[in-house]
Amino acid sequence: MKSYRHLAVVALSVVVAVTLSACASGGSGGSSSGGGTGSTAVTVSMKNVAFSPSDVTVAVGGTVTFVNDDTVAHDVVGDSWDSGQLAPGASFAQTFPTAGTFAFHCSIHPSMTGSVTVK
């Protein structure tokens, strides 16, 4: 009886350790908001004539979705991509297939700037 109890305790300990490890590493590797290293998807809000967050990090192949949560139109322009004008409530997604740092801005409101770091 003691050996079964000991085995159950060990098994439960392993399950708890694996569960905690998965939680600490972000789970199944799915999308994340906020731009943590290794994120495959990040959302950037355009509100109060600003990008928030303005600097994000995604994994190679990751996507940044820009959402216009403001009351005025914006766009998002990078060196080789352009969202076109985004009305309030609209969004635009850009995928980054290679590593590097990529600056972006709103051509309508030049004070709005940011960058995407791809690792």
Residue 64 fails exactly one of the following numbered conditions: (1) modelled with pLDDT under 95; (2) in a strand (DSSP E or B); (3) not small (Gly, Ala, Ser). What is the number of that condition? (1)
Test: residue 71 is at pLDDT 95 or above and not in a loop (DSSP other than H, G, I, E, B): no
Looking only at the range 87-115, which residues are touching a residue at least 40 places away in the same chain (Cβ under 8 Å), touching a Phe, Trp or Tyr at 6+ places or on another chain (Cβ under 6 Å) and not in a loop (DSSP other than H, G, I, E, B)? 114
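How about the range 41-62: which of its residues are hydroxyl-bearing (Ser, Thr, Tyr) and buried (at least 16 other Cβ atoms within 10 Å of the Cβ)? So that I can check it myself, show each step before the final result.
Taking the range 41-62 first, the residues hydroxyl-bearing (Ser, Thr, Tyr) are 43, 45, 52, 54, 57.
Scanning the range 41-62 gives 43, 45, 57.
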Positions within the range 38-81 being among the acidic types (Asp, Glu) and over 15 Å from residue 109 (Cβ atoms), in sequence order: 55, 79
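The values are calculated or read from the model by the stated rules, or taken from the named source; none is laboratory data. Just so you know, these numbers come straight off a predicted model, no measurement behind them. Cβ sites come from the backbone with ideal geometry, for glycine too, and all protein chains shown count toward neighbours.
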